[in-house]
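Visitor: Below is a structure I'd like to ask you about.
The values are calculated or read from the model by the stated rules, or taken from the named source; none is laboratory data. In this text, all values refer to a predicted model and were calculated from it rather than measured experimentally. Positions of Cβ are generated from backbone atoms using ideal geometry, with glycine treated the same way; all protein chains shown enter the neighbour counts. What goes into the accessible areas is simple: the full protein's heavy atoms, side chains included, and nothing from ligands, DNA or RNA. Shrake-Rupley method; radii C 1.70, N 1.55, O 1.52, S 1.80 Å.
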Protein chains: 2
Amino acid sequence: MKRLLVACMLCATVAHAEDKRARALLDGAMASSSAYDYVRELVDTVGARKAGSVGAAHAVEWGVQVMQRIGLRNVRREPVKVPKWVRTAESVELLSPIARRLHAVALGGSVATPPDGVTAEIVEVTSLEAVRQLGDRAKGKIIFFNKPMSRTVDFMGYEGVVGIRGHGATEAAKVGAVGALYRSAGTARGQVPHTGMMRYDEAFPKIAIAALSLEDADLLHRLLEANKSVRVRLKIAAEWQGEVDSANVVGEIAGREPELVLIGCHLDSWDIGTGAIDDGAGCGIVLDTARLILAQHEKPRRTIRVVLFMNEEHGLSGAKAYAVTHKSELALHTAALEADAGAGRPYGVYVAGEGPTLERVKEMIAPLSSLGVTDVKKTDEAGADLIPIQGAGPVVMSLMQDMTQYFDWHHTEGDTLDKIDPETLKKAVAAFAVLTHALSESPTRLPASPPLP
Amino acid sequence: MKRLLVACMLCATVAHAEDKRARALLDGAMASSSAYDYVRELVDTVGARKAGSVGAAHAVEWGVQVMQRIGLRNVRREPVKVPKWVRTAESVELLSPIARRLHAVALGGSVATPPDGVTAEIVEVTSLEAVRQLGDRAKGKIIFFNKPMSRTVDFMGYEGVVGIRGHGATEAAKVGAVGALYRSAGTARGQVPHTGMMRYDEAFPKIAIAALSLEDADLLHRLLEANKSVRVRLKIAAEWQGEVDSANVVGEIAGREPELVLIGCHLDSWDIGTGAIDDGAGCGIVLDTARLILAQHEKPRRTIRVVLFMNEEHGLSGAKAYAVTHKSELALHTAALEADAGAGRPYGVYVAGEGPTLERVKEMIAPLSSLGVTDVKKTDEAGADLIPIQGAGPVVMSLMQDMTQYFDWHHTEGDTLDKIDPETLKKAVAAFAVLTHALSESPTRLPASPPLP
């Protein structure tokens, strides 16, 4: 009885201290614009930073400097080999029934066309299944994938169309097409095409593929709808230039115990735009979380390791390298959190775990109810960069953030600082910091997430 | 007494017949997508149609064909000489503190730079007054006009910044600047610069001027704010190629009496985009108004003359030519209406007139109350193409339309068909048709609008 009472008193004291620390993190986040300032620095002094580019190399140096400035320990560049794909030029010209230059970008990884391009009639489809059913009607044609993306608060709209981006070129090649066009995976108007990664199946011919603005995709659709034969010339100059040396940037807040919590973002961006929301914002959130936790002047129970991953966008090179480099200590990773969902309003947490884990996370985010961060949902994947370590130790999770506007700009020239609302970003920092703190202090460990299905 | 009674009975019968005709026009407009179809045809078969271009010549032929198809009489091309300005290329490169290619378009009428461009530090100002006060600090610099435009339901936001577009280059040249940059007169993000007309004062050196996207204007502002010296290279290849032959397209619905009502739009567009909202939508409204009135199978009291003006955008050539060609009959023009405010929701009428005229117009639009078209406001100018005939006979007016989104896209690559909501466009047609009908049937004439102050 007496021991129970002591335990409960201790428990209350601990809970009270935890509440105070969570409150301090929350207030600290809301009182500072540091996260926004980190993003501003990154996009205004580095800008685009596709893996393998000069920009990416500058971003690595920037990451090291910021971590040192914040006061992280063991700040280092961990070597990563990245494949280097370089875009030189691209164009899509509508030749008939009218002549017009369309607004297009090559998808990341596309092969080049011959210097004069490929010229052909287009055939419109809205799915990978539909192109398979074209049979001979696809021979010698350019396949035009025209599935509109829905605007949703989460990734669902994107997931409805991104499979076509990844596999459309190969599926078109299988039925004899000579090129492919893709209605951008995006939700904004303004002649803004979206790039993004595509892959080839090595067993089939590789044909070039470019993404079109929503306006120009609509135009092609209207012309076809009017029973016109539509001819275009697709030109892409781009090439793979082998593997080059790059790095993840890693720094730590040393803990009292050997276990650790990983918090990460990705440092690279696409080659167009400046990667402000994708994923400058995530790096701002993660770096500012580290700054806020250090400002508490108390060693966390577990080491908090901050990782700025290289090349999330074009092959997860940094994430894979991390899993190899840290193989022997992955079992010590009790939790891993990635911030790669932009700068929108946070409203919950995705967790790759079961009911009791979700309940525990709900308790952890209780201090965030005033921010409206209350939802906890099960997920399979909580961040692309966490996939390689998923199943090897940590429970993986990420913030649920409002993505209603995210796909207006991601992977476009329009991914710039003005797309971030500084006040909303503070809320995301607060949520990320409180959750990170709770995970690093939790007396018991949450069950490891299963590997991806 | 008896006579008065007869008069009142007649009056009621006439009012009832008028109500029926207004109702038929309104219902006809709401039941048909013809206006949208006209715009679709224009933008999908012609597209950009800057005065003097091949596109403009095609647009003239299109206009003649549509008028003939509708069944207008006396369809003709009335000769107009238009000055021809041709853009070949433009670029604005940020050279330091970072290297980046900015998103820019030359303003319409800008001189070319030397082939290597002009390279200089930029100096930021937010008004014409501010550049005048720069004195020697402007010498050898590129002046960066960075006044943000407000989003308003009407033209007010635009009017707050368009003066800088028109006169900025000359004001900058007066104090020794070598080039000028202009924050686009626009309200949408997405790296979408807006072109538009500028003028030179012949007494001063002519320097090149380009408009920047809002994002890039913000970037330059941030770099200057961080106390950095910002250098850019501005290159423009463009030239005036003299005057070429073009035409206004004119057609009529013959009336019972010699007076006439003019309804117009402008057929030309800028050289970027497809001129869907500026002013394809206006031409759709005007042409469909003519179609609906013809469908009533009754000769209107006054002739309704439909004019598709050439070169509103770059000097009002067609409007000026119209005033000259029709000088002798301008006194017979009892009213003139222009549709050049996009495809937004109609909510009233601007009238260049005094109280009693506004009251009369209010009566005329009474049948539109169900559409929410109820407001009548005094204005000085009711349409740029009406300026040359203003003061010579007609009362000039235009619809009040919701322009909240109009300046997102006008004068940009994003001015495409998808920016028009077909259902909303029907309402604009209904309002325009009912007003045109009332003006053509009105037993008494409204006082002429005064010339522009």
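Visitor: Of all residues in region B:263-289, which are open to solvent by less than 10 Å² (accessible area, probe 1.4 Å) and at positive phi?
Guide: B:275
Visitor: What's the number of the condition residue B:413 fails, among (1) part of a loop (DSSP other than H, G, I, E, B); (2) under 15 Å from the mean Cα position of the chain (by Cα); (3) within 14 Å of chain A (Cβ to nearest Cβ)?
Guide: (2)
Visitor: Okay, next question. Do we find a residue being open to solvent by less than 20 Å² (accessible area, probe 1.4 Å), of a type in the set (Val, Ile, Thr) and under 24 Å from residue B:427 (Cα atoms) anywhere in region B:29-44?
Guide: Yes - at least one qualifying residue is present in region B:29-44.
Visitor: From the list A:273, A:251, which residue is closer than 30 Å to residue A:54 by Cβ, touching a residue at least 60 places away in the same chain (Cβ under 8 Å) and within 14 Å of chain B (Cβ to nearest Cβ)?
Guide: Exactly one residue qualifies, and that residue is A:273.
Visitor: Something else now. Taking the stated definitions as given, is residue A:375 of a type in the set (D, E, K, R) and either open to solvent by less than 10 Å² (accessible area, probe 1.4 Å) or away from chain B (no Cβ under 14 Å) (or both)?
Guide: In short, yes.
Visitor: When residue B:309 is evaluated against the numbered criteria (1) more than 23 Å from residue B:66 (Cα to Cα); (2) among the aromatic types (Phe, Trp, Tyr); (3) open to solvent by less than 10 Å² (accessible area, probe 1.4 Å), which criterion, by number, is the only one it fails?
Guide: (1)
Visitor: Scanning region B:421-430 for residues that are open to solvent by 10 Å² or more (accessible area, probe 1.4 Å) and touching a helix residue (DSSP H, G or I) at 6+ places or on another chain (Cβ under 6 Å), which turns out farthest from the other protein chains (Cβ to nearest Cβ)?
Guide: B:427
Visitor: A follow-up question, please. Identify, from the list A:386, A:358, A:330, A:337, the residue that is in a helix (DSSP H, G or I) and surrounded by 24 or more Cβ atoms within 10 Å (Cβ to Cβ).
Guide: A:386
Visitor: For residue B:292, which of the numbered conditions (1) among the hydrophobic types (A, V, I, L, M, F, W, C); (2) assigned to a helix (DSSP H, G or I); (3) open to solvent by less than 10 Å² (accessible area, probe 1.4 Å) fails to hold?
Guide: So residue B:292 meets the others, but not (3).
Visitor: Being within 14 Å of chain B (Cβ to nearest Cβ) and of a type in the set (Val, Ile, Thr): is that true of residue A:192 here?
Guide: Against the criterion (within 14 Å of chain B (Cβ to nearest Cβ) and of a type in the set (Val, Ile, Thr)), residue A:192 qualifies.
Visitor: Here's another thing I want to ask about it. Please go through (1) open to solvent by less than 10 Å² (accessible area, probe 1.4 Å); (2) touching a helix residue (DSSP H, G or I) at 6+ places or on another chain (Cβ under 7 Å) for residue A:418 and return the number of the only condition it doesn't satisfy.
Guide: Among (1) open to solvent by less than 10 Å² (accessible area, probe 1.4 Å); (2) touching a helix residue (DSSP H, G or I) at 6+ places or on another chain (Cβ under 7 Å), residue A:418 violates only (1).
Visitor: Still on this structure, I have one more. Within region A:226-248, how many residues turn out to be within 14 Å of chain B (Cβ to nearest Cβ) and surrounded by fewer than 22 Cβ atoms within 10 Å (Cβ to Cβ)?
Guide: 3
Visitor: I want to confirm something. Restricting to region A:205-219 and keeping residues that are open to solvent by less than 10 Å² (accessible area, probe 1.4 Å), in contact with a helix residue (DSSP H, G or I) (Cβ under 9 Å, 6 or more places away or on another chain) and more than 10 Å from chain B (Cβ to nearest Cβ), which single residue is nearest to residue B:44 (Cα to Cα)?
Guide: A:212
Visitor: Do we have residue B:404 as touching a Phe, Trp or Tyr at 6+ places or on another chain (Cβ under 8 Å) and either open to solvent by 40 Å² or more (accessible area, probe 1.4 Å) or not charged (D, E, K, R) (or both) here?
Guide: no
Visitor: Being under 29 Å from residue A:410 (Cα atoms), touching a helix residue (DSSP H, G or I) at 6+ places or on another chain (Cβ under 6 Å) and not polar (S, T, N, Q) narrows it down to one residue among A:118, A:131, A:105, A:111; which is it?
Guide: A:131
Visitor: Turning to a different aspect of this structure: All but one of (1) open to solvent by 10 Å² or more (accessible area, probe 1.4 Å); (2) more than 11 Å from every other protein chain (Cβ to nearest Cβ); (3) out of contact with any Gly (no Cβ under 8 Å at 6 or more places or on another chain) hold for residue A:222; which doesn't?
Guide: All conditions pass for residue A:222, except number (2).
Visitor: Quick one: is residue B:202 farther than 29 Å from residue A:417 by Cβ, touching a residue at least 12 places away in the same chain (Cβ under 8 Å) and either away from chain A (no Cβ under 14 Å) or crowded, with 24+ Cβ neighbours inside 10 Å (or both)?
Guide: Judged against the criteria, residue B:202 is not a match.
Visitor: Among the residues of region B:389-410, which ones are outside any loop (DSSP other than H, G, I, E, B), more than 14 Å from the chain's Cα centre (by Cα) and either of a type in the set (S, T, N, Q) or more than 30 Å from residue B:327 (Cα to Cα) (or both)?
Guide: B:408
Visitor: Can you find, within region B:32-56, the residue that is farthest from residue A:100 (Cα to Cα) among those that are within 12 Å of chain A (Cβ to nearest Cβ) and out of contact with any Gly (no Cβ under 7 Å at 6 or more places or on another chain)?
Guide: B:37
Visitor: Take the residues in region B:398-410 that are in contact with a helix residue (DSSP H, G or I) (Cβ under 7 Å, 6 or more places away or on another chain) and more than 8 Å from every other protein chain (Cβ to nearest Cβ); name whichever of them is farthest from residue B:272 (Cα to Cα).
Guide: Taking the candidates together, the pick is B:399.
Visitor: Quick one: would you say residue B:196 is more than 20 Å from residue A:420 (Cα to Cα), without any contact (Cβ under 8 Å) to a residue 40 or more places away in the chain and open to solvent by less than 20 Å² (accessible area, probe 1.4 Å)?
Guide: Criteria not met by residue B:196.
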